[in-house]
Amino acid sequence: MDVTVEKKLQDLWKLQQIDNKLDTLRAVLGELPMEVSDLEDDIAGLETRVAHIQQEISLYNAEISSKKNAIKDFQRAIEKYDDQLNNIKNSREYEAIDKEKEIAGLEILSAEKKIRDFSKQIEGKQEVLDLTQASLDRRKADLEFKQAELSEIEKENEEEITKLKKERETALKRVDERLSRAYHRIRENMKNSVAVAPIVRGSCGGCFSKIPPQRHSDIRAHIKITDCEHCGRILVDQTISGISAFDEIKEDKPTRRKMRLTTAK
Ligand SMILES: [Zn+2]
């Protein structure tokens, strides 16, 4: 006995429903791993930057402590010069030592100025470091969250995908080979991988173009498998799809947010 057109359409619609679910699950996984790897790249870049700034700061700090040591040395020299000056009778010798003392004083001033300059540099670097570190911390928290989400979805999806694949096998067996080929060919050609579209408010649920009344009533009569004149999708009427004129047509691309809402039952 020949399978009726109505039965064929029902089987095709069923297959499409399963594929829709599989596509959704795969799409969800598709973008998350990319987001995770983008974040990992960001973090690696920021960590390099943080390390670089920290190194610059420690170089400035090393310069500062070397200048501080130099100042101490000059101060000790000045004390020594003062002692010498107190015990000198000869004016030429006095002038020579006094000159040394003056030079040491100038060296101290110059070292102090350097220390102020370096401290200012450090302040600037520290500001950049704080901002970079904050942005690094944010991304790390983001990554942790996304990784947890990813592994959770992967786990959930694994079970769901295995289950759906089995359902798909069963559903596909009911569809004859010629129709199955057509189904897969149309699916491949469609951006949203939808080969069987419901009629919604007299329009093709795939491309939204209006279906001529005659064609519409032919489809309703289940006389033969009919495709959309515009996009080539196989059309099914309300009795097959169960989608009434008041139902919203599903968006092409499922988002993760939606996905999470549907799985968070
Ligand atoms: Zn269409």
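Annotations
- Rolling a 1.4 Å probe across all protein chains gives Val128 an accessible area of roughly 60 Å².
- GNM on the chain, alpha-carbon springs under 10 angstrom: the most fluctuating residue among Arg215, Arg187, Arg26 is Arg215.
- Normalised contact order of segment 26-175, rounded percent, pairs of Cα under 8 Å and 6 or more residues apart: 41 percent
- Our summary gives segment 64-121 a relative contact order of 56 percent, counting only alpha carbon pairs under 8 angstrom and 6 or more residues apart.
- Of the residues Arg49, Arg139, the one with the largest accessible area comes first in the ranking Arg49, Arg139, computed with a 1.4 Å probe on protein heavy atoms.
- Cα pair distances exceeding 28 angstrom across the chain, given as percent: 63 percent
- Amide hydrogen proximity for Cys231: with H placed 1.01 Å from N in the peptide plane, no residue at 5 or more positions away or on another chain lies under 5 Å.
- Accessible surface of Tyr94, taken over heavy atoms with a 1.4 Å probe and every protein chain present, rounds to 100 Å².
- Highest-MSF residue in the chain out of Arg233, Arg220, Arg92 [GNM, Cα springs under 10 Å]: Arg92
- Förster radius 30 Å - calculated FRET efficiency between Glu35 and Lys166 (Cβ-Cβ, nearest 0.05): 0.50
- Accessible-area composition of segment 123-247, carbon plus sulfur, in percent [1.4 Å probe]: 50 percent
- A probe of 1.4 angstrom, applied to the heavy atoms of all protein chains, finds Thr239 with accessible area near 100 square angstrom.
- Whole-Hz Karplus values for segment 85-91 come out as 5, 5, 10, 9, 9, 6, 6 Hz, taken residue by residue from phi with 6.51 cos²θ - 1.76 cosθ + 1.60 and θ = phi - 60°; glycine and proline positions read x.
- Selection from Thr226, Ala70, Ser119 lying farthest towards where the dipole of the chain points positive, charges on Cβ: Thr226
- Short-range pairs are left out: with C-alpha atoms under 8 Å and at least six residues apart, the relative contact order of the chain is 28 percent.
- Separation of segment 118-148 from segment 179-207 is 49 Å, based on Cα centroids.
- Only helical runs count toward this figure. For the chain, summing -39,500 (n - 2.57) over DSSP H runs of n ≥ 4 and dividing by all residues gives -27500 deg cm²/dmol at 222 nm.
- The listed residues Asp218, Asp237 rank as Asp218, Asp237 when sorted by accessible area, largest first, using a 1.4 Å probe.
- Cα-based convex hull volume of segment 184-228 per residue, rounded to whole Å³: 69 Å³
- With semi-axes defined as the square roots of five times the eigenvalues of the C-alpha gyration tensor, the equivalent ellipsoid of segment 26-175 measures 73, 10, 8 Å, largest first.
- Largest GNM mean-square fluctuation among Gln126, Gln84, Gln17, using the chain with Cα springs under 10 Å: Gln84.
- With all protein chains in place and ligands, DNA and RNA left out, the 1.4 Å accessible area ranks Met190, Met34 as Met34, Met190, largest first.
- Residue-normalised accessible area of the chain, given per residue in Å² at a 1.4 Å probe: 66 Å²
- Listed residue pairs exceeding 32 Å between alpha carbons, taken from Lys7/Lys155; Lys8/Lys165; Lys68/Lys125; Lys21/Lys210; Lys80/Lys125: Lys7/Lys155; Lys80/Lys125
The values are calculated or read from the model by the stated rules, or taken from the named source; none is laboratory data. Predicted, not measured: the structure shown is a model, and the values here were computed from it. Cβ sites come from the backbone with ideal geometry, for glycine too, and all protein chains shown count toward neighbours. Note: areas computed on protein heavy atoms with side chains; ligands, DNA, RNA excluded. Shrake-Rupley method; radii C 1.70, N 1.55, O 1.52, S 1.80 Å.
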